[in-house]
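Input: a single structure, listed below in structure tokens.
The values are calculated or read from the model by the stated rules, or taken from the named source; none is laboratory data. Everything quoted here is computed from the prediction, not taken from an experiment. Using ideal geometry, Cβ is built from the backbone for each residue, glycine included, and neighbour counts are taken over all protein chains shown. Accessible surface areas use protein heavy atoms only, side chains included; no ligands, DNA or RNA. Shrake-Rupley method; radii C 1.70, N 1.55, O 1.52, S 1.80 Å.
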Amino acid sequence: MDWEYIDLHAKQWVMEAGDKIRNSFDKTLNIQTKSNPNDLVTNLDKEIEQFFINKIRNTFPYHKILGEEGYGDAVSNLDGVVWIIDPIDGTMNFIHQQRNFAISLGVYENGIGKIGIIYDVAHGELYHAISGKGAFMNDIELPPLNKVTVKESIIALNATWLLENHRIDHNLLIPLVKEARGTRSYGTAALEMVFVATGRVDAYISMRLSPWDVAGGTVIIEELGGVVTNIRGNKLDFLSKDSLLVAKPGLHQTIMNDYLKQGKW
Ligand code: IPD
Ligand code: CA
Ligand code: CA
């Protein structure tokens, strides 16, 4: 498989999609809700997903597509080449702030991540990696991730997980938050993952994400020696919803062993 050829097309389409999103900023959005009143979708989320699907189907007709808005294929396994696409990650931010959102795209072959692309449209920052060929932010190659202690780290997580909830014993996270240098919450899983890649934060934790939230970021993080698992320390399957712990190499182990493993699962 010529991954560089596929990557060239993917990056070109992501840039075109970014232009479409930027051009929408002064137009009225059609906003709808999905599973609950805070689960938002706009006409742009749908249009951008359809844009990618048309491009992929015309250029790579044998590839499968798993897209958040459901215009792709009914993907039940990762056999062959599968594109996993979130046309706009951080839709709430897109609607309310017109920033802090991203296009996220991962290309997998038989379940192995090959290409990861995340485009921070508002800042013009394109994060990309081909497995084994380095990870980049625009033209700058990102250095491998270093070890860091909890005390020196900034951890991205949503305040929801520090309140009583039915996904995790929130008491496990309170000592971690107290010990860390700081916490941040950006409301876009894709960007929170690449912020670990650039060292803007050191770890990102979430209790429930979908394959399209994490597929692109995983390729980029792993290329830099970072670790991506669920909060039980298991690999993600990119077919089902799961929790997420992304961190620099040593920090991942510390968070698992000293905080999360204290819980009863
Ligand atoms: C959401 C964002 C958010 C995360 C949610 C996701 P969407 O994606 O990544 O940060 O907390 O769980 O669903 O719906 O804006 O694509
Ligand atoms: Ca998303
Ligand atoms: Ca989305």
Problem - Search result, residues across the range 158-204 that are without any contact (Cβ under 8 Å) to a residue 60 or more places away in the chain and either in contact with a His (Cβ under 8 Å, 6 or more places away or on another chain) or within 16 Å of ligand 2 (Cβ to nearest atom) (or both) - result: N158, T160, W161, L162, L163, E164, S185, E192, F195, A203, Y204
Problem - Qualifying positions in the range 12-67 - closer than 16 Å to N93 by Cβ, surrounded by 11 or more Cβ atoms within 10 Å (Cβ to Cβ) and either in contact (Cβ under 8 Å) with a residue 60 or more places away in the chain or not charged (D, E, K, R) (or both) - result: G18, I21, R22, S24, F25, L29, I31, L40, V41, T42, L44, I48
Exercise for the section: Sort through N93, N100, N77 and tell me the only one that's open to solvent by 50 Å² or more (accessible area, probe 1.4 Å) and not basic (K, R). Expected result: N77
Exercise for the section: For the range 112-119, state whether one or more residues are more than 16 Å from ligand 2 (Cβ to nearest atom), farther than 30 Å from H63 by Cβ and surrounded by fewer than 21 Cβ atoms within 10 Å (Cβ to Cβ). Expected result: no
